[in-house]
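The values are calculated or read from the model by the stated rules, or taken from the named source; none is laboratory data. Everything numeric here is computed off the predicted structure, so don't read it as measured data. Note that we place each Cβ from the backbone using ideal geometry, even for glycine, and neighbour counts take in every protein chain shown. Protein only, heavy atoms only, side chains kept; ligands, DNA and RNA dropped before computing areas. Shrake-Rupley method; radii C 1.70, N 1.55, O 1.52, S 1.80 Å.
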Amino acid sequence: MNRRTKGLLFGLICGAISLGVTNDIYAEEQEFDFDEYVVTASRIPVKKNEVAANVTVIGKEEIEKGAYSKISDILTRNNVTMGTSSVASYPIINGDDRVLIMVDGRKMNWSHYVTNGSFNGLNIDNIAVKNIERIEIVRGPNSSLYGSAAVGGVINIITKQAKENNTILTTEFGTWNSQRYALTTEGVEKDISYIFTYDKQKRDNFDYKNPKTGQNREFNSSEIDKEYTNLRIDKQLGNDDELSLTVESMESNGGFGLCLRDVDTGVVYNPDTRRKLSDFNVALTYSWNKDKGAANSFRIYQNNSEATTHYSTSLYKYDVKATGAEWQQSWMVNEKSSLVGGAELRKDQSKELTSGTNLKGEITTSALFVENRLKLKNDLALTLGSRYDHHSTFGGDVTSHISLNKALSPETNVYVSWGQAVKNPRILDLYANTPSWLGNKDLKPETADTITIGMDTKLDGKTTLQSSIYKSDLKNAIAWQSNVVGSQGMYVNINREKRQGLELNIKRQLSDQWNVNAGYSYSKVEKQNGTDAYALDLLNTRPNGYSLGVQYKQDKWDAGLMMLAATGRSEKAYTSDSYLTLDMNLRYQAAKDTMVYLKGYNLTNEAYEMVSYSTTAPGKYPMAGRSFVIGVEQRL
């Protein structure tokens with residue numbers, strides 16, 4: 001879609017939105033239970049069955065039952081494909097790793113190469129688990145609300161707000177000398193509440209199963225040594241206004257073997273190497289009219305990340321910073337029309353020392369967005385939205401979104417949506433200049449158009465079904481090209497990518513004690529380079545994905561078993577065209593304030609990989625073999 005067409009569409013949508021705005025005041029609103037609503041899909045609280053998108057909500061109870069230590073494990077259990085290696089993990093939604101990650105609506109992705117092999121720009125396991133209230137996953141593009149990176153989908157990690165005086169201690173021990181010590185303490189004093197979490201995790205090198213010999217082998221320099229510290233303080237200002245301060249810190253000195261240099265011998269690329277990493281983020285948010293269903297806020301924030309790696313022959317360092325301000329206002333125009341709009345300003349700065357060369361760059365982005373939800377006749381709801389982004393390098397661009405939702409009954413809704421997305425190049429993709437890497441200032445942002453059709457329904461009082469199909473066309477896809485200028489390579493726009501697929505999830509309450517959930521996902525990815533014909537992406541890690549979970553609860557016992565599998569993978573990129581793993585979780589309420597649990601991962605000791613970046617040497621990123629963890633959670 002060219003710029004003139006985008007501008008015309010932007011004007012039409014804004015014109016349609018303006019017709020619904022008659023007053024700049026709130027209609028009379030009733031307080032409601034936020035647990036029945038989702039925020040991420042529309043930036044305002046909307047009932048889940050009124051959202052024209054495939055949305056998954058992972059609640060506090062599910063997170064606490066799993067006793068998770070990593071966000072990637074939470075997402076995996078909910079049938080989200082993860083690109084996981086020994087050093088990082090990132091989500092893949094609708095066959096695309098261009099996924100926007102947020103914490104309380106604050107963007108966490110970096111405009112820098114901080115996750116090996118992924119354009120995602122974030123290792124999601126660098127975000128703490130202990131302070132999570134819920135996670136909302138929205139599949140499909142959302143750049144008209146959130147800007148760059150929201151191509152495959154959006155994941156919003158919503159943190160806890162203290163509700164009582166409470167302290168919990170957690171201790172874990174397990175395979176490969178894994179250890180975990182965590183503290184969560186929260187309190188409320190009149191109009192001030194706080195929650196503080198500390199989480200220390202350590203582990204030696206993991207073992208993996210060699211796919212050729214079937215023997216277990218140690219992955220050198222895969223140690224974990226992480227420390228998470230988080231603090232949130234909330235101050236109530238009147239009945240429904242609030243001021244929140246969030247401070248997040250993560251320190252890591254883990255192994256950085258990266259991958260296998262030689263799959264047969266098991267020698268890693270960076271033997272006996274560690275990476276020292278430090279993340280520090282702070283955000284101050286003022287919110288108003290929260291209890292009336294509004295989503296009004298003003299936030300200022302700064303995210304920081306520094307890393308140092310001493311390789312055998314060189315030193316690598318990076319220092320990245322993102323400073324931003326966000327304003328959002330919502331209006332209940334009348335009982336059939338709601339409006340949300342806002343503005344954002346963000347500056348990204350990057351410094352890097354690589355191959356003896358100092359690199360630096362910065363970009364500034366600003367944005368205006370608006371979205372209108374209109375309730376039409378016959379239980380139809382129409383959503384129109386547009387966003388204007390200005391990038392200091394690429395100039396201005398517009399992304400838009402249109403969706404239609406139909407409530408067939410109180411238990412069933414169907415929807416269709418069309419949305420645009422954009423992903424800007426990373427800073428050093430434009431400005432790098434090393435012996436092997438040359439920046440490309442002619443790079444263009446990646447742009448995508450996606451159509452989604454879906455349905456959510458309750459088949460009876462005990463069964464829910466969620467399904468969607470999508471088709472996406474991405475232009476100016478960015479990929480690495482070697483030896484462009486002598487030995488220097490660069491990132492280039494290769495032309496197009498096409499994606500199509502489906503998501504199907506069903507949950508069934510079999511009895512008071514038993515419930516099951518099953519999921520299937522299909523993802524077909526094709527890429528075109530120049531004038532060549534489209535070809536299947538052989539690196540697709542989960543063309544056909546399967547999940548099956550069984551949960552049992554009786555008196556003091558709570559147990560779960562989860563099967564994950566994939567078929568249809570290329571054996572040019574992976575050591576097997578399929579895999580099947582089993583994970584388990586067993587909890588026992590030993591006393592009123594004491595919980596004992598046992599977790600098991602990869603019980604089948606499967607030899608498989610979730611990441612591949614080459615079709616000539618499969619097996620370089622093996623997943624960890626069978627492991628167990630036992631833990632105790634004590635409420636003081």
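If you find the alpha carbon centre of the stretch 603-629 and of the stretch 125-140, how far apart are they in angstrom?
24 Å
Residue by residue through the stretch 440-446, which ³J(HN,Hα) values in whole Hz follow from phi under the Karplus form 6.51 cos²θ - 1.76 cosθ + 1.60 (θ = phi - 60°), with glycine and proline marked x?
These are the phi-based 3J(HN,Hα) values: 10, 6, 8, 4, 10, x, 6 Hz.
Which residue, 233, 194, 253, has the largest displacement toward the positive end of the dipole of the stretch 192-255 when charges sit on each Cβ (Lys, Arg +1; Asp, Glu -1)?
253
Please report the antiparallel percentage of DSSP beta bridges with both residues in the stretch 246-378, rounded to the nearest 5. Walk me through the numbers before you get to the answer.
Details: 75 of 75 bridges.
Just about 100 percent of them are antiparallel.
Only bridges with both residues in the chain count here: give the DSSP antiparallel percent, nearest 5. Can you show the working numbers first?
On the way: 293 of 299 bridges.
Roughly 100 percent of the beta bridges in the chain run antiparallel, per DSSP.
Considering the Cα trace of the stretch 455-594, what is its radius of gyration and what is Dmax, both in angstroms?
Cα only, the stretch 455-594: 21.8, 69 Å (Rg, Dmax).
Let me check the size of the stretch 55-139 from its C-alpha atoms; what are the radius of gyration and Dmax in Å?
12.2, 35
Given the stretch 110-249 reduced to its alpha-carbon atoms as identical point scatterers, what log10 I(q)/I(0) does the Debye formula return at q = 0.19 Å⁻¹?
Summing over Cα pairs of the stretch 110-249 leads to -1.21.
Normalise the Cα radius of gyration of the stretch 384-488 by 2.2 N^0.38 Å (N = residues in it) and let me know the number. Let's see the in-between values first.
Numbers: Rg = 20.7 Å, N = 105, 2.2 N^0.38 = 12.9 Å.
That works out to 1.61 for the stretch 384-488.
Hey, how many Å between the Cα centroid of the stretch 455-508 and the Cα centroid of the stretch 521-538?
Their Cα centres are 11 Å away from one another.
Put one equal scatterer on each alpha carbon of the stretch 534-636, apply the Debye formula with no solvent term, and list log10 I(q)/I(0) at q = 0.10, 0.11, 0.17 1/Å to two decimals.
Cα-only, vacuum Debye calculation for the stretch 534-636: -0.41, -0.47, -0.81.
The stretch 172-238: percent of C-alpha pairs farther apart than 15 Å?
Numbers: 1470 of 2211 pairs.
Pairs farther apart than 15 Å: 66 percent.
Over the Cα atoms of the stretch 444-535, what is the Rg over Rh ratio if Rh follows Kirkwood? Intermediate results must be reported in sequence, preceding the final value.
Values: Rg = 20.5 Å, Rh = 16.3 Å.
Across the stretch 444-535, the Cα-based Rg/Rh ratio is 1.25.
Pick out, from 500, 370, 101, the residue whose Cα sits farthest towards the positive end of the charge dipole of the chain, with +1 on the Cβ of Lys and Arg and -1 on the Cβ of Asp and Glu.
500
For the stretch 137-273, what is the charge dipole size about the Cα centre, in debye to the nearest 20, if Lys and Arg each add +1 at the Cβ and Asp and Glu each add -1 at the Cβ?
Working: 15 positive and 21 negative charges, 95 e Å.
It comes to approximately 460 debye.
Go through 153-162, 200-209 and give me the packing order, highest mean Cβ count within 10 Å leading.
On the way: 153-162: 22.1, 200-209: 19.9.
Those peptides, ordered most packed to least, come out 153-162, 200-209.
Along the stretch 263-280, what does the Karplus equation 6.51 cos²θ - 1.76 cosθ + 1.60 (θ = phi - 60°) give for ³J(HN,Hα), rounded to whole Hz, x for Gly and Pro?
5, 5, 8, x, 6, 8, 5, 10, x, 6, 10, 10, 10, 8, 10, 9, 10, 9
What span do the alpha-carbon atoms of the stretch 307-419 cover on each of the three principal axes, reported in whole Å from largest to smallest?
68, 28, 21
Only one of the values (1) 24.9, 89; (2) 24.0, 71; (3) 27.6, 91 was calculated from this structure for Rg and Dmax of the Cα atoms in Å; name its label.
(2)
Using alpha carbons only, how many angstrom separate the centre of the stretch 368-384 from the centre of the stretch 69-90?
What the calculation gives is 34 Å, centre to centre.
Could you do me a favour and compute the accessible area per residue for the chain, 1.4 Å probe, result in Å²? Walk me through the numbers before you get to the answer.
Working: 27650 Å² over 636 residues.
Counting only protein heavy atoms, the per-residue value for the chain is 43 Å².
With all distinct Cα pairs included, what does the Kirkwood hydrodynamic radius of the stretch 211-323 come out to in Å, to one decimal, could you say? Don't jump to the answer; show the numbers that get you there.
Numbers: mean 1/r = 0.0568 Å⁻¹.
By the Kirkwood definition, the hydrodynamic radius is 17.6 Å.
Rounded to the nearest 20 debye, what is the charge dipole size of the chain about its Cα centre when +1 sits on each Lys and Arg Cβ and -1 on each Asp and Glu Cβ? Could you put the intermediate results ahead of the total?
Working: 74 positive and 76 negative charges, 235 e Å.
Roughly 1120 debye for the chain.
Return, for the Cα atoms of the stretch 568-610, the radius of gyration and Dmax in Å, separated by a comma.
16.8, 53
Taking every DSSP beta bridge with both residues inside the stretch 352-455, roughly what % is antiparallel (nearest 5)? Don't skip to the end; give the middle numbers.
On the way: 45 of 45 bridges.
Counting DSSP beta bridges with both partners in the stretch 352-455, the antiparallel share is about 100 percent.
Given charges of +1 on the Cβ of Lys and Arg and -1 on the Cβ of Asp and Glu, with all other atoms neutral, how large is the dipole of the stretch 556-596 about its Cα centre, in debye to the nearest 20?
Details: 5 positive and 5 negative charges, 23 e Å.
About 100 debye.
Could you check how much of the accessible area of the chain is carbon and sulfur, as a whole percent, using a 1.4 Å probe? Intermediate results must be reported in sequence, preceding the final value.
Numbers: 14830 of 27650 Å².
Of the solvent-accessible surface of the chain, carbon and sulfur hold 54 percent.
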